[in-house]
1. Quote the accessible area belonging to TYR182 in square angstrom, nearest 10, computed with a 1.4 Å probe and with ligands, DNA and RNA left uncounted.
2. When only C-alpha pairs under 8 Å and at least 6 residues apart count, what is the relative contact order of region 89-182, in percent?
3. Which peptide among 66-78, 21-33, 86-98, 152-164 comes first, and what is the full order, when sorted by highest mean count of other Cβ atoms within 10 Å?
4. Among the listed pairs LYS67/LYS106; LYS27/LYS127; LYS6/LYS94, which have their C-alpha atoms separated by more than 26 angstrom in this model?
5. Indicate the gyration tensor shape class of region 61-182 (rounded, prolate or oblate), computed on the Cα atoms with a ≥ b ≥ c the square roots of the eigenvalues: a/c under 1.5 is rounded; otherwise a/b larger than b/c is prolate and the rest oblate.
6. Would you kindly find the accessible area of PHE116, with a 1.4 Å probe and non-protein molecules such as ligands, DNA and RNA excluded, rounding to the nearest 10 Å²?
7. Once amide H atoms are built 1.01 Å from N in the peptide plane, which residues 5 or more positions from THR144, or in another chain, come under 5 Å H to H?
8. Apply the Karplus curve 6.51 cos²θ - 1.76 cosθ + 1.60, θ = phi - 60°, to the phi angles in region 94-106 and return the couplings in whole Hz, x for Gly and Pro.
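The values are calculated or read from the model by the stated rules, or taken from the named source; none is laboratory data. Model, not experiment: these values are computed from the prediction. Neighbour counts are summed over all protein chains in view; Cβ atoms, including those assigned to glycine, are modelled from backbone coordinates with ideal geometry. The accessibility values were calculated without ligands, DNA or RNA, using every heavy atom of the protein model including side chains. Shrake-Rupley method; radii C 1.70, N 1.55, O 1.52, S 1.80 Å.
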Amino acid sequence: MTLSYKTHWPQSMGPEYSGKPNHFVEKILSGISTKPGIAGWIYESGEKLGYAYADDILNKVDNSIPKLHTMRHDAKDRWKVGMKIHPVINNRTKNRFQFAPVLEVKSIQKVEIEHFEGMVQIHIDEKYFGEVYHYGLDDIYQFTTDLETLALNDGFPSVEAFFAWFNTDFTGKIIHWTDLKY
């Protein structure tokens, strides 16, 4: 099944992130590399910039933590363990490009993000995972280490960026293409 990615943060993320590259392509390529010799393409705005070896890919981006999973709505319960993932950019355009080899869904976890006044809670597989206390969306001030790990592994540069994207209640799945599980 196609798993489509944007190459830049949307305007809804606010002025700190809006329009800036998210480096998901590079982060995913780095996360699926099993050894430094595997190579991949470096992209900017959907254009190939050049070929690089996996150990060099993240040296090209600001945040050097690989993207190890993605979180998606799945109201029709389509994502299943064992399915094939086709990671692409520019989906449904003439410039559609599959930037990585076909991957396999290794595991799926249910995720729920609930926003309350002054805090956000996350549950994974119906178990409490962590919470963030904040004064408004732009002023996150206290969170658990587990939430930082989740945000970084999902490709976000920070917990603040994660909650700029997930700024309303969310129910969906974490789709894993590595052996990682929370």
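1. About 70 Å², rounded to the nearest 10.
2. Numbers: 139 pairs, mean separation 30.0, N = 94.
The normalised contact order for region 89-182 reaches 32 percent.
3. Packing order, densest peptide first, comes out as 21-33, 152-164, 66-78, 86-98.
4. Working: LYS67/LYS106 15 Å; LYS27/LYS127 28 Å; LYS6/LYS94 15 Å.
LYS27/LYS127, as the Cα separations exceed 26 Å there.
5. Prolate is the answer for region 61-182, as a/c is 1.5 or above and a/b outweighs b/c.
6. Approximately 100 Å² for this residue.
7. GLU131
8. 5, 9, 3, 9, 8, 8, 9, x, 4, 10, 10, 5, 7
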